[in-house]
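Student: So that we are looking at the same thing, I have put the structure below in structure tokens.
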Amino acid sequence: MTSFDLRRLKLRSGEEYRDEVEVELQPLEFGGQRYLPVPEKVDAEFVVNRATTGTAFRLRFPARLHGPCYRCLGDAVLEVPIRAREYQAETPEDEQMTTPYISGNNLDVSAWARDAVALALPDKILCRPDCAGLCGVCGKNLNDEPHTHAEEHGDPRWAALEALRDER
Ligand SMILES: [Zn+2]
Ligand SMILES: [Zn+2]
């Protein structure tokens, strides 16, 4: 787990702290599938800005996830550039002005990074944007073998119609 000891920050209002922190990313469950971060450890840019009213935290890193394609279950690789922000008010009146990742003097960078990656995911993770998926009839991968099953319709009259259509 990567965490940051906030006592290391000796910032006065208007000052900035910049650092590079190594973040260990965790495997992610998404749409019933498991996605692995590759590499697991990334160098993140960590920036803290102190103001009179509170402290702003920023975290930037590139994340790459490997896992199954939503449509064809083949290998998919997803690159997600992460830019996350958190804010901790000096005198927090309500929870919205505080970050859930700080407890005591500790900022839980791992948990923050994990949530930031989850929030940055698209609706569907695909091997490629135009993935054709699996055939609903025979289950073959339509990217490798584009095909239809119309000609295999049981009724011979349909087959005759298909033949006519093919001739046109
Ligand atoms: Zn696919
Ligand atoms: Zn098929």
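The values are calculated or read from the model by the stated rules, or taken from the named source; none is laboratory data. Since we're looking at a predicted model, the values are computed, not measured. Here the Cβ is made from the backbone with ideal geometry for all residues, glycine too, and neighbour counts use every protein chain on show. All accessible areas refer to the heavy atoms of the entire protein, side chains included, with ligands and DNA or RNA removed. Shrake-Rupley method; radii C 1.70, N 1.55, O 1.52, S 1.80 Å.
Student: What's the number of the condition V42 fails, among (1) in a helix (DSSP H, G or I); (2) open to solvent by less than 70 Å² (accessible area, probe 1.4 Å); (3) not aromatic (F, W, Y)?
Tutor: (1)
Student: Tell me, which residue of segment 61-91 that is at pLDDT below 95 and among the β-branched types (V, I, T) is surrounded by the fewest Cβ atoms within 10 Å (Cβ to Cβ)?
Tutor: Only one residue fits best here, namely T91.
Student: Looking for something closer than 18 Å to P39 by Cα and more than 16 Å from ligand 1 (Cβ to nearest atom) - is there at least one such residue anywhere in segment 122-144?
Tutor: No.
Student: Give segment 124-155 a look and list any residue that's outside any loop (DSSP other than H, G, I, E, B), open to solvent by less than 100 Å² (accessible area, probe 1.4 Å) and at pLDDT below 95, or say none.
Tutor: Scanning segment 124-155 gives a single hit, A150.
Student: Output the residues belonging to segment 53-80 that are within 30 Å of C127 (Cβ to Cβ) and touching a helix residue (DSSP H, G or I) at 6+ places or on another chain (Cβ under 8 Å).
Tutor: Within segment 53-80, L59, F61, A63, L65, V80 meet the criteria.
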